[in-house]
1. Efficiency by 1/(1 + (r/R0)^6): what FRET value for ASP541 and ARG418, r their Cβ-Cβ distance, R0 = 60 Å, to the nearest 0.05?
2. Less than 11 Å Cβ to Cβ from ARG596, Lys/Arg counted +1 and Asp/Glu -1: what total charge do the surrounding residues give?
3. Sorting check: for 377-387, 203-213, which peptide has the highest mean count of neighbouring beta carbons within 10 Å, and how do the rest follow?
4. How far is helix 353-362 tilted off the main Cα axis of the chain, in degrees rounded to 10, range 0 to 90?
5. At a Förster distance of 35 Å, what's the computed FRET efficiency of ALA49 paired with LYS163, Cβ-Cβ distance as r, to 0.05?
6. Where the centre of each part is set by its Cα atoms, how far does the range 525-543 sit from the range 427-496, in angstrom?
7. What do you get for the angle between helix 542-559 and the principal long axis of the chain? Use alpha-carbon atoms, 0 to 90 degrees, nearest ten.
8. Shape verdict for the range 68-133, please, from the Cα gyration tensor: rounded (a/c under 1.5), prolate (a/b greater than b/c) or oblate.
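What follows is calculated from the coordinates using simple rules that are stated; it is not laboratory data. Note that the structure is predicted; figures quoted are calculated from it, not measured. So basically every Cβ, Gly included, is an ideal-geometry build from the backbone, and we count neighbours across all protein chains shown.
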Amino acid sequence: MPRREIAVPRIALLVAFAVTVHDGIALAAPVSRRDLHPLPADTLQVRMAEVGTHGGRFVLAETSAPTTFNAVMANDAATGEMITSLFASLIGFDRVTQRFVPALVKSWETSPDGLTWTLHLRRGACFSDGHPITSADVLFSFDVCYDPKLHPANQDLLMVGGKRFEVTAPDPQTVMIRVPERYAMALQAIGTVNVLPKHILEASFVKGRFGSAYGTSTRPESLVASGPFVLKKYVPNETLVLAPNPYWYGVDARGQRLPYLDELVFRIVPDLNTASLQFESGVLDALGFVSGQDYQRYAENQQKGNYTFYDLGPMLASQYLVFNLNRVRAPKARAQVGDPYVSSEKYAWFSSPIFRCAVSHAIDRDAMIRSVFFGEAVKNWSITTPADKIWYTPDVVGFDYDPVESRRLLARLGLRDRDGDGFLDDAQGKPVSFVLKSAADNALLMRECAFIQDDLAKVGIRCVPSGVAFMSMIGNLRNDFQYEALLLGNRGGVPPDPGMNQNIFKSSGSMHAWNVLQPSPETAAEAAIDSLMAENVATTDMATRKRTWSEMQRILNQECFLIWLPTPRLKVPIRNRFGNIQPTPLPPQVFWNVDRIFVKGTGPSGGGR
């Protein structure tokens with residue numbers, strides 16, 4: 001079929017060039033913008049280093065195609081990054097200051113008892129089709145987040161003691177949220193709710209079809225957005241193009257409607273090597289991730305390529321190996337309730353903290369940093385990393401490289417080489433082996449798998465790496481449990497806070513990777529972590545929160561539920577011809593503030609023209 005490009009309404013621009021300075025802020029060429037629609041009564045003046053000009057495009061790459069345009073159903077990082085600008089959040093978060101900022105909600109108050117939050121919406125704010133955004137849309141968005149069948153990733157965050165928030169709307173511009181008990185994560189939780197158009201999506205929700213709404217086959221003119229951008233064009237597995245939302249309520253210091261860019265473009269590429277080649281040839285304007293082996297080359301070619309190579313320090317993301325401890329919870333063919341999804345002998349190994357600790361002891365992380373990461377990584381023993389300025393706990397450690405101790409622990413379990421082939425067997429002669437799945441399109445994760453394979457072989461464990469499609473792996477993790485072990489990456493919650501990872505730490509969580517959605521904790525350690533998490537999020541006292549967070553990490557590492565791997569250092573190249581660039585280690589690192597990024601009036605043209 002021929003490809004069709006559907007154009008969204010364009011905004012007429014008249015440009016006159018000059019440079020002035022106002023209140024210490026450099027003002028680039030002023031622009032007289034003739035909007036097709038009047039600004040709302042309550043605009044959001046976005047703080048920025050430099051007032052910019054309209055026009056141009058910013059071109060990035062992703063190694064995975066979007067799986068949906070539905071923000072509620074997006075489960076993978078790539079999809080989340082590509083569509084984050086399509087939907088407004090109620091409350092924003094500044095990645096540089098790491099503070100909450102107004103978004104669709106212009107202001108809020110909290111009751112003296114800390115249980116009731118009153119949110120005031122911006123008057124005149126509209127969806128991309130011109131329909132007013134009101135409290136009815138906010139209530140609908142909460143209903144979607146609470147749907148038990150959909151169970152979106154933020155649902156656990158929006159519950160306190162198993163109870164929902166009470167969300168009401170006294171008038172079209174006001175939303176009142178009452179939490180069942182004091183909750184440290186109230187503001188963070190509210191900020192995760194993307195505002196959805198009730199007048200468009202309510203019908204599919206009522207019919208139980210919301211999960212398939214706003215799929216990647218949605219025509220651009222049918223996708224009604226609330227964020228700064230709208231869908232302009234999508235060519236599957238090739239290109240995603242976003243254009244400015246003509247009704248967006250954000251403005252700069254001159255009152256010019258944002259965003260500045262005409263287009264935000266994502267090119268879908270097969271791997272990081274292709275992305276690197278496209279950046280070097282001028283097709284791309286920035287890279288969100290670069291392999292450590294290429295860092296020196298990028299550093300040396302900054303002037304030639306007219307870019308800056310930003311060193312952002314360790315990533316917010318963490319990486320870990322996890323074993324499958326899931327068991328059948330409902331009757332099914334050829335399986336009884338309580339049966340493990342892996343073979344009985346492997347479940348016996350995987351469910352033993354001694355075995356998991358032996359595996360951790362077998363991995364030489366220092367050597368992995370030198371080889372796999374080319375020296376550009378740090379050891380890390382938690383879901384939080386040094387990028388988290390508040391919650392990172394450097395004195396929390398895990399079971400580091402000690403092959404002698406690894407062999408001792410394995411022998412303690414009765415595992416030894418019974419046939420002289422160099423690999424261990426259990427008492428029944430079953431070889432100690434497992435398949436380690438990871439995302440096939442992630443070269444770094446696959447190199448880590450190969451490294452782990454070699455290290456485990458040295459202590460007698462046969463590890464067989466297997467690259468699979470990312471979404472197949474997510475299906476294995478959350479739905480069918482057809483895996484033995486997974487090597488996963490967690491991008492880290494924003495804002496960084498232990499409570500943002502409740503769906504990972506809580507035994508009932510949908511991303512409690514080793515054993516998801518437990519009706520009740522299946523081990524004493526998990527029960528203790530659940531209790532500590534409940535205490536952590538029930539207070540705003542930072543001393544109590546940090547104490548409980550340290551104890552959670554200690555228990556998790558003592559049990560070795562997650563076998564931690566190094567966290568890469570993040571360095572990214574970005575063309576110098578863009579203004580208001582502020583990369584941070586918090587995702588999306590390069591374009592979190594894309595509503596204010598603009599093309600400067602001078603400098604050589606590149607892929608973004």
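1. So, using R0 = 60 Å, E works out to roughly 0.60.
2. Cβ neighbours under 11 Å give a net charge of -2.
3. The packing order, highest mean first, is 377-387, 203-213.
4. For 353-362 against the chain, the angle is about 80 degrees.
5. Efficiency at R0 = 35 Å is approximately 0.20.
6. 30 Å
7. That helix lies at roughly 40 degrees to the long axis.
8. oblate
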